[in-house]
Amino acid sequence: MLDDDNIRRFSNIGFRTRARSFPGFDRPDTISQVLAPRQAVRVDLDAGDLLSLDGLAAHDRVQLLAYDGRGDAALSHLGLDAATAPDRAQFDGAALAGWIAGNGGDAASLPPAASIIGTGEIIVLRASAPATVWVLRPVIAQDLVMHGVGGAITVAHQPARTRSLVLPPLLGDVRDEFTVLRGTARAYELRKGDYVQIIDVHGQQCSDFMAFRGDGLMRGEELMIDSTATRSMVRRSYPGPGLLDKFFDRDMRPLLNVVQDTCGRHDTFGLACTARGYEERGFPGHLNCSDNMSHALQPFGVERRGAWPAINFFWNTWIDAQSHHIMTEESYSRPGDYVTMCAMDDLVCVSTACPDDLDPINGWNPTDIHVRIYRPDTPIRRAVAYREKEDAPMLISEESAFHERLAPLTQHFAPARDLWVPVSYPSVGTIGEYWACRNAVTVQDMSGLRKYDIVGPDAERLLQRALTRDVAKLSVWRGTYTLMCDDSGTVIDDGTLFRIGPDLFRWCCGSEESGRVLTELAQREGLQVRINAMRNALPNLALQGPKSRDLLRKITFTQPTVPSLDHLKWFGVTVARLHDREGRPFMLSRSGYTGELGYELFCAKSDAVALWDAIMEAGEEFGLTPMGSAALNIIRIEAGLAAGDAEFAPGVDAFEAGLGFAVDLNKADFTGKAALQRNAADPRRVLKGLIFDCDDVPAHGAPVLSGERQVGVITSATRSPTYECSIAMARIAVEHAANGTELEVGMMNGRMKRLGATVTDIPFVDPQRKKARA
C-alpha cells in the first residue's frame, strides 16, 4: 500500500508523456529511464529525492525493492509496505542479482517487494532517507509472447537539490575524479587497466586529450597518441567501441581502447588551439589549450610545445566530400555525454576544457569537463549511446539476450539501434554464411527490430489510417508487409504487421518513429487504443533458408487452437512452444528479410538462450550456420528488399522507393494517399536494378549517368556471389529505366572512373518469390 504523505498523483488521461514534463520533473538534472516489460532498473536516491513512475496504464503492475546502505530492506524510506517476494520467472533479474552479489549480498534470496497497480496516473514517491531502489516490471513470458502487455514505463529521478554538475551515473569503483575548469588543463596518471571517463558536463564543450607511455617518459622519450597512425590502423577518423577501438602511438602500438562513447563525434585532424591562432585573429593573450597542456605536463618532464597535437573529444569536425576542407560546427555532445577508455599500459594523460569562445565549437560558451578514473577490476561493458529522438533520454547500447551464445563465436559486433549484433562469424566468413542461407539454413539475431503491440477496440481503425495496406482484410494469425507514410507519401517506416487477436496487432518495424506517429494519430482522433512499446523485451531470431522448415519440425509444438507449423503460409503467424506443451513459448512467423523460405521467432529474454540452444542442436544435421549482418545485406540486395536511409529516405515516396506493391490505393483514406495517387499517375523516378560488367562496388549515393548527364543515384550495391559480379539498386529517371538500357555509374568524384551497367528488374534472384512462398 502507499503512504499518502510520501506520494503524489498527477492526472494523465490518454497517452503517456515523459515524466519530466510534469511539475517537479522539468529540471535539467532529472534522470529518466525506460522500464520495458520484464525489465528491472536501478535508481539511487538521497533523502528528499523524488521517484516518478509514468505510463502505468490501468491494471499494469510494477514491484519495488529498496535497500539502505547496509544492504537491508528499506521500503519504509519510500513510505511503502512490503507485500510478496518477486517471482524471478517473471522478470529478467541478471542486473539485480549482479548488484546484490557485488555488494556482498545473497543474490538467490530477494526480500518482499512493494506492489503498485496502475490507475492511469503518474505515481511520485519521495525518499525520506538514502536508498537504492530497483523497479521491476513482472510479466509472465507466455503473456509477453501472446498478449498485448503494457507498454514502456518512464522511471524518473529528480534530486532534492539542484546539482551544479549533472554527471552520469558511476560506472564502477572510482579511484579518483576531478573537474577541469573551463579554460584550464590537468595532467594525471593512469595505471595499466585503469578506465578514464571524460565527461562533458554542460554539453557542447570540447576537451583536448593526449596520452604518453609512462616508461617512455622515464627514458626521456615522448611516445604519445599519433592520430595518423590511429586513423590508418582503424580505417576511420577515430576509434569507437567495437572491433576497431584503439588509439595507437607512432610505432603502431596501442595505448588505450575506447570502451564507451555516447557522443560519437570527435576530432583527430587538428591541433589543440594555440596562442598564435588567437593572435592572428586579433586576440593576443587569449587562453589556449596548447599552453595549458604544456603547463600541466611540465611536472612529468614533457617538453613544452607551442602547438600540441591532440584528440579533441566532442569537437564536431568532418571533411567535405567536394572541397576536402575540414569543416566544423557546434558539438553534438549533450550534458553528461562522455568517452570512456581503458589504459593498455601505464600512461600520463592530459585533459583540457577548451577556452575557445570565438567559434561554434564550444557552443559559443566554454564550460567545464569532469574526469573520473576507475580501478582496473571495474567491469565496464562496451557501449555507444542511442536516442530514439533528439530530446529522448539517452540509452546505452546493451548486449542482446543471445549474447552469451554469440560472444564465443565472433568478436565482430556492431550496434543495431541500442543492441550489439554480429556482423560476421570468422569460422565461416560472410560468403560462407551467404551460401548457407541459399543452400541450407542460417540463424541470425534480429533483436534490434522495434516491436509495438497495438491493443484496443479502435486498434484496427488506427492502423487502417496509418498504414498503406488494407488492415481490415487481415485475419487473425496472418501478417502483411506494409508501410507508414507521411502526408507527402514519403515512407516513414516499413515493417510487418501481425494480427494475433481481433483487437490485438503486433507491428515489427525499423524505427521508433512508428510508435510516435501511431500515438499522435490516436491522440488526435480520440481513439480507444493503447500503443505498447516492447523495446528489448521480445528478442527475436531469423531462421532462414530452404531447410528452415525441416529444422523447426524437430523443436516446434503448437496447440490445435492455433495454426501449426505446416499450416503457416507466407506471412502466417502462430504461437508455439519448444518441443512440447510445457516448453518455453515463442511467437513464430513465416517471414524474413532474405527472399528465401524462412521464419522469425520471438521470445521472452529469459527464454532466449534456451531457444538458441534448441535451434543449434536441432540444426546440426541440416548444416545450420549463424549469419551476421554483412551476409544479410548481400542477400537482401539480391532479393530487392528495401532498407531505410537507402531505398527509402526523406523526400522519396513509396513508389520511387520501389514499394508501390505495398500500397493499396483502393482502400479508404490513409495518411499520404492523396500524394501517392498523384505521384503514381505521373512518376518521375523508379527503383530498378543494375548489373555491372565488373566487380567494383559503387558507393551509396554514387551518380548514375547517361553520357554526361546524371539520371539516377545508387541506393544499395554489393558484389553478388550468385551473379559473380557487382549489382545495385538505383533510383533512375523513367526515361532511362527500360530493361536493357546501358548506363554508367560514376566513381572518383563521379567523373574520372565509370562502371558500365545494364538496367534490369528487381529482385535479381527469384523474381516471383517462389522460394519464400514454397
Quiz item: Using alpha carbon centroids, what distance separates the range 373-437 and the range 176-212, in Å?
Solution: 27 Å
Practice problem: Report the one residue of Ala353, Thr378, Trp364 whose Cα lies farthest in the direction of the positive end of the charge dipole of the range 174-379 (charges on C-beta: Lys and Arg +1, Asp and Glu -1; origin at the Cα centre). | Solution: Thr378
Practice problem: Give me the distance in nm between label points sitting 7 Å out from Cα along the Cα-to-Cβ direction at Arg42 and His700, one decimal. | Solution: 3.6 nm
Practice problem: Please work out how much length the chain gains when fully extended from Asp251 to Ala89, using 0.36 nm per residue of separation minus the C-alpha to C-alpha distance, in nm with one decimal. | Solution: 53.1 nm
Quiz prompt | Centroid-to-centroid separation of the range 693-728 and the range 449-511 [C-alpha atoms, Å] | solution = 33 Å
Quiz prompt | Burial ranking of peptide ranges 101-109, 223-231, 712-720 (average Cβ count within 10 Å, highest at the top) | solution = 712-720, 223-231, 101-109
Quiz item: From the backbone phi of the range 718-734, what are the Karplus-calculated ³J(HN,Hα) couplings (6.51 cos²θ - 1.76 cosθ + 1.60, θ = phi - 60°) in whole Hz, Gly and Pro given as x?
Solution: 7, 8, 8, x, 6, 7, 6, 7, 7, 9, 7, 9, 9, 8, 10, 4, 4
Quiz item: What distance in nm separates the simple spin-label points at Arg161 and Asp176, each placed 7 Å from Cα in the Cβ direction?
Solution: 2.7 nm
Self-check item: Partners for Lys771 among lysines (Cα-Cα distance below 16 Å; same-chain residues under 8 apart left out)
Solution: Lys547, Lys569
Quiz prompt | Relative contact order [Cα under 8 Å, 6+ residues apart], the range 684-771, whole percent | solution = 35 percent
Quiz prompt | Net charge of neighbours whose Cβ lies under 14 Å from the Cβ of Glu724, counting Lys and Arg as +1 and Asp and Glu as -1 | solution = -2
Quiz prompt | Amide hydrogen neighbours beyond the local backbone of Ser720, cut-off 5 Å, H modeled | solution = Cys725, Ser726, Ile727
Quiz item: When the dipole is taken about the Cα centre of the range 684-771, and only Lys, Arg (+1) and Asp, Glu (-1) are charged at their Cβ, what size is it in debye, to the nearest 20?
Solution: 380 debye
Quiz item: Remind me, relative contact order of the range 174-379 in percent, using alpha carbon pairs under 8 angstrom and six or more residues apart?
Solution: 43 percent
Quiz item: Hull surface divided by four, with the convex hull built on the Cα atoms of the range 390-494: how many nm²?
Solution: 10.5 nm²
Self-check item: Dipole of the chain, positive direction: furthest Cα of Thr671, Val711, Ser109, with charges on the beta-carbon
Solution: Thr671
Quiz prompt | At most 15 other Cβ within 10 Å, DSSP loop - trypsin sites (Lys or Arg not before Pro), the range 52-119 | solution = Arg70
Practice problem: Considering Cα pairs under 8 angstrom that are at least six residues apart, work out the relative contact order of the range 380-500 and quote it in whole percent. | Solution: 13 percent
Exercise. Provide the gained length on full extension for the span His567 to Arg387, in nm with one decimal, where the gain is 0.36 nm per separating residue minus the Cα-Cα distance.
Key: 60.8 nm
Quiz item: Picking from Ile637, Ala680, Ile732, whose Cα lies most toward the positive end of the charge dipole for the range 629-751 (charges on Cβ: Lys, Arg +1; Asp, Glu -1)?
Solution: Ala680
Quiz prompt | Length released on extending from Ala674 to Ala73, taking residue separation times 0.36 nm less the Cα-Cα span | solution = 210.3 nm
Quiz prompt | Cα-centred dipole magnitude for the range 174-379, charges only on beta-carbon of K, R (+1) and D, E (-1), debye, nearest 20 | solution = 360 debye
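Would you mind giving the average projected area, over all directions, of the Cα convex hull of the range 174-379 in nm² with one decimal?
Averaged projected hull area, Cα only: 11.1 nm².
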Quiz item: Under a point-charge model restricted to the Cβ atoms of Lys and Arg (+1) and Asp and Glu (-1), what is the dipole moment magnitude of the chain relative to its Cα centre, in debye to the nearest 20?
Solution: 1540 debye
Exercise. May I ask for the percentage of alpha-carbon pairs in the range 678-774 that lie more than 22 Å from each other?
Key: 27 percent
Self-check item: 3J(HN,Hα) from dihedral phi, the range 82-97, Karplus parametrisation 6.51/-1.76/1.60, rounded to Hz, x for glycine, proline
Solution: 6, 10, 10, 5, x, 8, 4, 6, 9, 8, 8, x, 4, 5, 5, 4
Quiz item: Expressed in whole Å with the largest first, what are the equivalent ellipsoid semi-axes of the chain derived from the C-alpha gyration tensor as the square root of 5 times each eigenvalue?
Solution: 43, 38, 26
Practice problem: Report ³J(HN,Hα) in whole Hz for each residue of the range 492-508, in order, from the Karplus equation J = 6.51 cos²θ - 1.76 cosθ + 1.60 where θ = phi - 60°; Gly and Pro get x. | Solution: 7, 6, 10, x, 10, 9, 10, 9, 10, x, x, 10, 9, 10, 10, 9, 9
Self-check item: Phe557-Ala107 pseudo-label distance in nm [points 7 Å out on the Cα-to-Cβ vector]
Solution: 3.0 nm
Exercise. Using amide H atoms built 1.01 Å from N in the peptide plane, name the residues 5+ places from Ala401, or on other chains, whose amide H lies under 5 Å from its own.
Key: none
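No lab work stands behind these numbers, since they all come straight from the coordinates. In this text, all values refer to a predicted model and were calculated from it rather than measured experimentally. Here Cβ is always computed from backbone atoms with ideal geometry, including for glycine, and neighbour counts include all displayed protein chains.
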